[in-house]
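Data block below; observations after.
What follows draws every value from the coordinates through simple rules; no lab data is involved. Being a predicted model, the structure only gives us computed values, none of them experimental. Positions of Cβ are generated from backbone atoms using ideal geometry, with glycine treated the same way; all protein chains shown enter the neighbour counts.
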Amino acid sequence: MAKKTLKISYLWMVLLMMSVPVQAERAYDSKPVTVFGSGEDERTVAGSAAYISDEEMKKFGYTDSERILNRIPGVYSQTEDGYGLRTNLGMRGVTAKRSAKTNIMEDGILQGPAQYSNSSMYYYPSAGRMQGVEVIKGAAAIGTGPRTTAGTINYISRQVPTAGTEGYAALTFGDDGYARTHTYYGGNIGDFGYVVEYHDYRADGFKTINGSSNPSDAGFDKNDDLFKVRYTPSGSSLNQYFELTSINSEETSNETYIGLTTAQFAANPFQRMGISAFDQMDTDYHRYIFTHYMEPMSNMQVTTKLYKTRYSRLWGKVGTINVDANLSNDGFGATTGVSLSSVDIAGACAGNLSGTTTRRACDIAYGTTATAANESIKRSMGHRDYGMTGIQFVINHQMGNHDLEYGFRRHKDFRSRQDNGTSFFQLYSKDTNGNLVLKSESGSGADQSGAELKDADAVSMHIKDTITHGNFTSVIGLRHEDVEYNKGTNGNPGNSIQDKTNEATMIGLSTNYNLGNGASIFAGYHQGYSPTGPSSTAEPEESDNFEIGVRYSGAGEYVEIVGFMVDYDNLLESCLISNGCSDGGAGQGSSSNAGEANVYGLELQYSLDNMFAAPAMKGQGAAGSGVRYPLLVSALIQKSEYDTDTDAIAGRTGKEIKYIPGTQMYISTGMHTANWSVDISTKYYDSMFTNEMNTARTGKAWIFDLTATHKLPAMIPGTRDAKGFIHVDNLFDKTFVASEHNYGKRPNKPVSVSAGVSFGF
């Protein structure tokens, strides 16, 4: 322990010594909510980064983070519900499962309700209300954590206008009962500024639930509101402001884990089993942030944030079939519970399992077989509460050619079951038409003293120095994470695991060399880290990560090519109901080390403001015609493989890591004038293996989207920039297996059309 502490202290001392000024002090333009700045910075940062602007978000009517991030090379997703409610994002060789290994942030603060004690993102922010999105990969992301392997996605919420007033409203209606409302208004009154925002989107869903008397609604309703107030004292020598943010979100989604067998998917991929008719998740989310920003010196900015988040979900879902233990099916005798998460639905339920309790459970769940009097379908009522509180400081200090960033965060979070996992449930019978009838109900969801409680207390620190010297821009960073976990029960919070810790120090190095004429090359190395969580006996994940790239920017044209490699020392895998468990049968919610693994790949991005303009006019209309033809191409090619077997899973060496695609590609082009625009884009979804032995995988397909806008006359006094728009998702109605795990196959969203109007005021 003493040697480790000495090593950490030495590294910190080295970095502090690098703070010695070598040039005159200079002023700094603060951007306190961003990771790397803006869309201009992405082309000069020492590493790979991307920025999606408010203009682009509004134009394409984005509400789904998966679609927003389609254009970013190295970012991929696994579709679960078709609307992005439960977003599964991966990046550069990390699994997409529940976005558990990617830092998801909003305004520079961790977004997940309990990122240390429960990293899986069952709550995801409504992307439709965001003002922008940053993606930063490689060594430059060492300033964010706790997970540093792949990178960070930082959503930028609606900001308080710096002057005057600003308002916006958009209404959208579409197929399957889709409707979206988005409006905000902000302004300034003396030293006070404010912004209020409301976002609501809903749909009836695109799936039909089997069973004549069961509900047909497989949709959702999610609404968000945001309020910010900022006080900027006039005449302050500190150039400071105080800001209070409140974000609230409510969601009711009629979603399920129940998928389809192979035969059912082929017959009708948009059907849903009648046993899932009453599956529903209700969530309630509240987030509060207090921000203080000041400039104690002309070359120093200090941003302090205090934050608190509370999140509650009640998810009633079918997971177990209680079948006759002796298969007499006479309505009498003992029953045995068959968990559907332990059954390969797409495979085993279609196989020869006659004379087994698994076969009986499959027939009840996926066939027309009715339950006997002693049999039942169990709907668990999973009530969970999550929360986090914390304080973080970020100091930006310019000393000569050094831009220093010091960061400190004290963070506490928890996940609490409000039932003990067995006492709160409903039992249903089923007839041959698939209709469900309630037989009995146990428990009420009230707080149970024996229910599980997990919590984490984390301290993190980082220092990052951006050094400019001649044509070189280099970054050296150091991050330290120290986490203490507890696991117990609500009645006895510390009765199980006390003082379990994860501690790690990571270094990041990168440099960018300006070749002149808009060209540069860059390279970087950083250490990756993922903590384990309170329940796990596994070791934290560690990796070595490398990137090297070249970029060019000029005359409305941008090119970037990046090669990367992730060398896992002890890959960490989690067993989640949402995506099936490991072949080793580790058990739901557990984590295990999968040994050594490698991922290496190539990212490509090419954009052109106007394909048909003369070289000197790439950013203008074609030959001065007023028509512009933009082009964007991005691609990812990567290869993953296990280097070693584990005791739990033999024969895995050389196999690919599950939920990591081999290829992704995105292409968009269009025609733009001053009054109208048409854009068409296509995304190639590559297949991904869904188990360690590579015997099951998702489908693959090219999916096309179309967006068209047209300027409208000002029909309401006081409004401006009125537009009509139409969006067509999955233009050619291509269907493929978007996800496949133990609960069966799921489709992507079919063709859908929406249209609406927007205007500013």
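Just going by the charge dipole of the chain, with Lys and Arg at +1 and Asp and Glu at -1 on Cβ, which of A594, G205, F564 is farthest out on the positive end? About the Cα centre, the residue reaching furthest to the positive side is G205.
Shown for E106, E596: other C-beta atoms within 10 Å of each C-beta, ranked fewest to most, produce the order E596, E106.
State the extension gain, in nm to one decimal, for the chain segment bounded by D721 and D191, taking 0.36 nm per residue of separation less the distance between their alpha-carbons.
187.9 nm
The value obtained for the range 256-353, namely the Cα convex hull volume divided by the number of residues, is 213 Å³ per residue.
A simple rule links phi to the HN-Hα coupling: the Karplus curve 6.51 cos²θ - 1.76 cosθ + 1.60 with θ = phi - 60°, which for the range 688-693 gives 10, 5, 10, 8, 5, 8 Hz, with x for Gly and Pro.
Projecting the Cα atoms of A504, M688, F704 onto the charge dipole of the chain (Cβ charges, centred on the Cα centre) puts F704 farthest toward the positive pole.
Just order 455-468, 282-295 by mean Cβ neighbour count inside 10 Å, highest at the front, would you?
Values: 455-468: 20.4, 282-295: 17.9.
The densest-packed peptide leads the list: 455-468, 282-295.
Ranked by the mean number of other Cβ atoms within 10 Å of their residues, highest first, the peptides 225-234, 750-759 fall in the order 750-759, 225-234. How big is the Kirkwood radius of the range 501-541, worked out from every pair of different alpha carbons and given in Å to one decimal? After inverting the pairwise mean of 1/r, the radius is 13.2 Å. Based on C-alpha pairs under 8 angstrom that are at least 6 apart in sequence, the range 201-310 has a relative contact order of 27 percent. For T653 and I548, a Förster radius of 25 Å and the Cβ-Cβ distance give a FRET efficiency of 0.35, rounded to the nearest 0.05. Across the alpha-carbon atoms of the range 190-310, the computed radius of gyration and Dmax are 23.6, 72 angstrom. With contacts taken as Cα pairs under 8 Å and at least 6 residues apart, the chain reaches a relative contact order of 12 percent.
Can you give the Kirkwood hydrodynamic radius of the chain from its Cα pairs, in Å with one decimal?
27.5 Å
Across the range 372-388, computed HN-Hα scalar couplings (Karplus, 6.51 cos²θ - 1.76 cosθ + 1.60, θ = phi - 60°) run 6, 4, 8, 9, 7, 10, 9, 9, 6, 10, x, 9, 10, 10, 10, x, 8 Hz from first to last residue, x flagging Gly and Pro. With only the Cα atoms considered, the range 82-171 has a convex hull volume of 112 Å³ per residue.
Taking the Cα centre of the range 2-760 as origin, work out the dipole magnitude from +1 charges on Lys and Arg Cβ and -1 charges on Asp and Glu Cβ, in debye rounded to 20.
Values: 66 positive and 83 negative charges, 92 e Å.
I would put it at about 440 debye.
For A370 and A674 in the same chain, what is the full-extension length gain: residue separation times 0.36 nm, less their Cα-Cα distance, in nm?
Working: separation 304, 0.36 × 304 = 109.44 nm, distance 6.22 nm.
Full extension of this stretch gives 103.2 nm more.
Applying 1/(1 + (r/R0)^6) with r as the Cβ-Cβ distance of L171 and H286 and R0 = 30 angstrom yields a FRET efficiency of 0.65.
Evaluated at 37 °C with a viscosity of 0.692 mPa s, what Stokes-Einstein diffusion coefficient in µm²/s does the range 88-232 have when Rh comes from the Kirkwood expression over alpha-carbon pairs?
On the way: Rh = 17.7 Å.
My calculation gives 185 µm²/s for D.
Protection proxy ranking, highest mean first, for peptides 637-645, 471-479: 471-479, 637-645, where packing is the per-residue count of other beta-carbon atoms within 10 Å, averaged. Remark on the range 219-262: Rg and Dmax equal 21.3, 69 Å (Cα only). Since only Y184, S126, A456 are under comparison, the one whose Cα sits farthest along the positive direction of the charge dipole of the chain, derived from C-beta charges on Lys, Arg, Asp and Glu, is Y184.
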